[in-house]
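Beneath this line is the structure, given in structure tokens, with notes to follow.
What follows draws every value from the coordinates through simple rules; no lab data is involved. Source: prediction; values computed, not measured. So basically every Cβ, Gly included, is an ideal-geometry build from the backbone, and we count neighbours across all protein chains shown.
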Amino acid sequence: MMRDWFEFRESFDSGYRFTMKMDKDDDYSADVITDDGSKLRLVMYKTSPEEWHVGFARNSKGTVTGEGDALKIMTTVLDFIQKVIKKEKPKVVSFNSEGGRMGKGDDKGSRTRLYTRIANKYASKLGYRVTKKDYGYGENVTEFNLVRK
């Protein structure tokens, strides 16, 4: 059991390598090729002068793909977010967990719980506090905001 926990914890230490780019609108992006050849696209862009939004998609899908390297992808996303935060120091960073059913055992609920745990762990280290709001329409969206302390 201890070995499994160590491997899980250690997996957040090694993500995919990427080169961050800034476009003409001062938005950030990175394209990553995963071990299985999939394309991972990371973006972080301004939605207002004080707020930045984070998004990522694998093979143009923003939903769980079940392709097996979720921890490595999350580590890559976290690294990307931290790099942009260090450069831009935004007042608010937002991201969403969406899709799935809200019932027991659904993928949306587990993603929302995972995102909540990750946000709570990393936000305070970066000088932010976490707020979130659930929307029950359409794809059952949970909006997260990291607000600078």
#### Entry: Phi-based couplings in Hz for region 69-74 (Karplus 6.51, -1.76, 1.60; Gly and Pro marked x)
10, 4, 5, 5, 5, 4
### Message
Between D25 and N120, how high is the FRET efficiency from 1/(1 + (r/R0)^6) when r is the Cβ-Cβ distance and R₀ = 25 Å? Nearest 0.05.
### Response
0.25
### Task
Would you mind checking K46/K133; K21/K46; K46/K132; K87/K125; K24/K149 for any pair whose Cα atoms are more than 26 angstrom apart?
K24/K149
### Query
Could you name the lysines in cross-link range of K72, using Cα to Cα under 16 Å and dropping any fewer than eight places away on the same chain?
K39
